[in-house]
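Inspection log for the structure reproduced underneath, given as structure tokens.
The values are calculated or read from the model by the stated rules, or taken from the named source; none is laboratory data. Just so you know, these numbers come straight off a predicted model, no measurement behind them. Methodologically, a virtual Cβ is constructed for each residue, glycine included, from the backbone with ideal geometry; neighbour enumeration extends over all protein chains shown.
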Amino acid sequence: MITRRDCLKLSAAAGLALATHPRLLMAAEGKRSLITRTIPGTSEQLPAVGLGSSASFSRIAGEGKVEQVREVLEAFVREGGTVFDTAPSYGAAEEVAARIAQETGLNRKLFWATKVNVAGRGGGKADPAAARAQIEQSLARLGKEQMDLINVHNLGDVPTQLGLLKEYRDAGRVRYIGVTTTFPGQYEELERIMRSEPLNFIGVDYAIDNRVMEERIFPLAQERGIGVLAYQPFGRSRLWQKVDGHVLPDWAAEYDIASWGQFFLKYVISHPAVTVATPATSQARNAIDNLGAASGRLPDEAGRRRMFEHIRSL
């Protein structure tokens, strides 16, 4: 199975050093300011590329590789990143990252987005006391009186858990609230909730080869003034397998793209409904490279079609 590491090795072998060493691009052209997006209904700006903590990030946290987690977080913040997305269900990711954030003071610099779900998927009921305990644990781990964002994970018992988050928002303990899902069977329910609840954010799966959100969810988010966190912008490992053995097209430079990761991310954040894309990684160099997608030129509609057709042709 092709991985990002394999792709970077192939790119380096082909002479695309910028894909492996994005700092060279920054040094050659001057460090660019990051592209930001406004949280709907506010004046608050967020960098368009964040950092997720599932998958590979969760794995290194679970393996006790604390220094590696620290390197990723510090590199991410040093290069201007702020949005960190996590969840109590991501193994040791939230616990380890929050401990490091407290120790280093990064908790004051990060826009911390976590989740609540004690109900699971499939229509289970949430114990309000257990949900409250999970929220309080997340707050205690981060060492802040106010969380930036808490989403109901996988639409778990939304009436109970979103109701609880409304209380926390009203009390000033949470700034923003929302819901997430990456399961097609829940998209219809997500639409219903978006229409009926006062959400600040949703979190959904979106990638250049997974564009279902463009049909109904994204237009509804724009209509309702709801921010969007784009999860799985690499299709987990799916897109890395797709580009196995292929180098970037020459025209990618028209959009200041220096790596396949930036190619995938620039497509995602160029959609006007997307507030922040949150790719996960276990490597500091990848976190830096990902942030490179939040600088320079973004594709217009014609460019997006060109990018999509290119990936489809591989």
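Observations on the structure shown:
- Number of the condition not met by residue 145 [criteria: (1) in contact with a Lys or Arg (Cβ under 8 Å, 6 or more places away or on another chain); (2) part of a loop (DSSP other than H, G, I, E, B); (3) surrounded by fewer than 22 Cβ atoms within 10 Å (Cβ to Cβ); (4) at pLDDT 95 or above]: (4)
- Number of positions in the stretch 166-192 that are part of a helix (DSSP H, G or I) and closer than 30 Å to residue 210 by Cα: 9
- Listed by first and then second residue, the pairs linking a residue in the stretch 205-233 that is under 15 Å from residue 270 (Cβ atoms) and at pLDDT 95 or above to a residue that is of a type in the set (Phe, Trp, Tyr) and buried (at least 19 other Cβ atoms within 10 Å of the Cβ), with Cβ atoms under 6 Å apart and 6 or more places separating them unless they lie on different chains, are 208/264; 208/267; 213/206; 230/206; 233/264.
- Looking only at the stretch 262-292, and only at residues there that are of a type in the set (Gly, Ala, Ser) and within 13 Å of the chain's Cα centre (by Cα), the one that is nearest to residue 67 (Cα to Cα): 287
- Close contacts from the stretch 98-113, counting a first residue that is under 19 Å from residue 279 (Cα atoms) and a second that is basic (Lys, Arg), with Cβ to Cβ under 7 Å and a gap of 6+ residues or different chains, come to 98/141.
- Scoring residue 244 on the criteria (1) more than 13 Å from residue 49 (Cα to Cα); (2) outside any loop (DSSP other than H, G, I, E, B) leaves a single failure, condition (2).
- Conditions (1) surrounded by fewer than 21 Cβ atoms within 10 Å (Cβ to Cβ); (2) farther than 30 Å from residue 96 by Cβ: number failed by residue 267: (1)
- Counting only helices (runs of 4 or more DSSP H) that sit wholly inside the stretch 1-108, those with at least 1 residues that are touching a strand residue (DSSP E or B) at 6+ places or on another chain (Cβ under 9 Å), within 30 Å of residue 245 (Cβ to Cβ) and modelled with pLDDT of 95 or more are 55-62, 66-78.
- Options 126, 131, 113; residue that is among the aliphatic types (A, V, I, L, M), touching a helix residue (DSSP H, G or I) at 6+ places or on another chain (Cβ under 6 Å) and not in a loop (DSSP other than H, G, I, E, B): 131
- In this entry, residue 201 is excluded by the filter for residues that are modelled with pLDDT of 95 or more and touching a His at 6+ places or on another chain (Cβ under 8 Å).
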